[in-house]
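Structure record follows, encoded as structure tokens.
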Amino acid sequence: MAKKEKSLKPTEAELEVLQVLWSEGASTVRFVHEKINETKEVGYTTTLKILQNMLEKGLVMRDEQSRTHIYKAAVAEQDIQKKLLDRFLETTFGGSALKLVMQALGNNTTTQDELAQIREFLNEKEGGKK
């Protein structure tokens, strides 16, 4: 049970690896390393060690049937997003979704299209009211 709880708390580096695996699918260490190095420089052995740690935590699975090991995400992107958002909401905004939304809308320029999508989402949450 503790392992599952721990696995849903990926580090920032692990999240970067998961983003590659979620967007690109099952990949070799070299491919993951190259994708991460498009935005920042990380050593190959660092990428390998991160993937090995993630395997131990249950965040990834490894196919060892060929000479080159292939890694794939063992956790769904939505599950991680929900867990991280719940934790962020609780620790930063005292669990208040209102405070989170007000801060997000107040600090950024929100387009009319985004506002329309937010209204549509709220209408759906309220049961279709206009």
| Segments classed as helices (runs of 4 or more DSSP H), wholly inside the range 75-130, with at least 3 members that are of a type outside the set (Gly, Ala, Ser) and either farther than 30 Å from residue 11 by Cα or in contact with a Phe, Trp or Tyr (Cβ under 6 Å, 6 or more places away or on another chain) (or both) | 112-125
| request: Quickly run through the range 47-67 and pick out the residues that are open to solvent by 70 Å² or more (accessible area, probe 1.4 Å) and part of a helix (DSSP H, G or I). | output: 49, 56
| query | Taking residue 29, is it touching a helix residue (DSSP H, G or I) at 6+ places or on another chain (Cβ under 9 Å), over 20 Å from residue 9 (Cβ atoms) and modelled with pLDDT of 95 or more? | reply | yes
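Conditions (1) open to solvent by less than 70 Å² (accessible area, probe 1.4 Å); (2) β-branched (Val, Ile, Thr); (3) under 18 Å from the mean Cα position of the chain (by Cα), marked per residue:
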residue: 80; (1), (2), (3): yes, yes, yes
residue: 90; (1), (2), (3): no, no, yes
residue: 105; (1), (2), (3): yes, no, no
residue: 108; (1), (2), (3): no, no, no
| task | Answer with yes or no whether residue 42 is more than 30 Å from residue 125 (Cβ to Cβ), open to solvent by less than 60 Å² (accessible area, probe 1.4 Å) and part of a loop (DSSP other than H, G, I, E, B). | result | yes
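The values are calculated or read from the model by the stated rules, or taken from the named source; none is laboratory data. From a predicted model like this one, the values you see are computed outputs, not experimental measurements. Every residue, glycine as well, gets a Cβ built from its backbone with ideal geometry; the counts of neighbours run over all protein chains shown. For the accessible areas, the whole protein counts, side chains as well, though only heavy atoms, and no ligand, DNA or RNA atoms are used. Shrake-Rupley method; radii C 1.70, N 1.55, O 1.52, S 1.80 Å.
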